[in-house]
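The values are calculated or read from the model by the stated rules, or taken from the named source; none is laboratory data. Remember, predicted model here, so these are calculated numbers, not experimental data. Using ideal geometry, Cβ is built from the backbone for each residue, glycine included, and neighbour counts are taken over all protein chains shown.
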């Protein structure tokens, strides 16, 4: 059992709560019984699990068996150490260090039913996490993120994904031009959520692969996405409401794609 706050493993996990350290190590931390279990069930590349059993929980024994079956190392820590390692005020008793998975354009296998979600400059961690969770729920597996979007491995982003991050092919840090070039080369029709667009409910989505761009909470998608090959669509609103939360709007747009294409 680890009981010292000066233990090198403890210091290392604490360092991973900073973006720079995560990027250098290509690792991140997930916390909580449900989240760690999701990581195990979705075959995430877990490096190590740390658990505090001072408050015994029924979740530990079946999870411990799964860790042993997969050969994932785990170590017990006391409650004081767990609090030091955690990014939450009231840690549940378990956390895991996970390797970041790096994907390239070659990992996007586009077919006639593919939907690529393009996240452009979303800055709120909760919004991004909710968008990723909603994307997976609606059948989307491929997500591109432009520079300026909040860090994928921010603890608040991770918590909001509820484990969906382990089942998505994520390509962060790509410039709009490179994304649009990929869409053109792969034959994806590109649509963008925008207050100036035509009603999404009156827009007939074409057959074939499709990309949806959703943009920054205050400014919308960047000017780079506003070209003749990108069609703007909007969600009609009543009672003079000007806009919706971007995560909610993304969910509506994605499920309209699902509805029109009968994908689920």
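Which one is nearest to the chain's Cα centre (by Cα), of the residues in segment 105-116 that are surrounded by 15 or more Cβ atoms within 10 Å (Cβ to Cβ) and in a loop (DSSP other than H, G, I, E, B)?
Filtering segment 105-116 for residues that are surrounded by 15 or more Cβ atoms within 10 Å (Cβ to Cβ) and in a loop (DSSP other than H, G, I, E, B), the one nearest to the chain's Cα centre (by Cα) comes out as 108.
Among the residues of segment 230-245, which ones are touching a residue at least 24 places away in the same chain (Cβ under 8 Å) and loosely packed, with under 11 Cβ neighbours inside 10 Å?
Hits for segment 230-245 are 236, 242.
Of the residues 197, 208, which single one is more than 21 Å from the chain's Cα centre (by Cα), on the phi > 0 side of the Ramachandran plot and touching a residue at least 12 places away in the same chain (Cβ under 8 Å)?
208
Does residue 119 meet the test of being in contact (Cβ under 8 Å) with a residue 12 or more places away in the chain, closer than 16 Å to residue 253 by Cβ, in contact with a strand residue (DSSP E or B) (Cβ under 6 Å, 6 or more places away or on another chain) and in a loop (DSSP other than H, G, I, E, B)?
Criteria not met by residue 119.
Does residue 248 qualify as being without any contact (Cβ under 8 Å) to a residue 12 or more places away in the chain, under 16 Å from residue 133 (Cβ atoms), assigned by TED's automatic domain parsing to the domain that holds residue 179 and within 24 Å of the chain's Cα centre (by Cα)?
Yes.
Just to be sure, is residue 36 farther than 22 Å from residue 160 by Cβ and touching a residue at least 40 places away in the same chain (Cβ under 8 Å)?
no
Can residue 97 be described as touching a residue at least 40 places away in the same chain (Cβ under 8 Å), closer than 24 Å to residue 222 by Cβ, within 18 Å of the chain's Cα centre (by Cα) and surrounded by 19 or more Cβ atoms within 10 Å (Cβ to Cβ)?
no
I'd like the residue in segment 211-229 that is out of contact with any helix residue (DSSP H, G or I) (no Cβ under 7 Å at 6 or more places or on another chain) and buried (at least 20 other Cβ atoms within 10 Å of the Cβ) and, out of all such residues, is modelled with the lowest pLDDT.
220
Test residue 102 against the stated conditions and say whether it is surrounded by 15 or more Cβ atoms within 10 Å (Cβ to Cβ) and over 10 Å from the mean Cα position of the chain (by Cα).
Criteria not met by residue 102.
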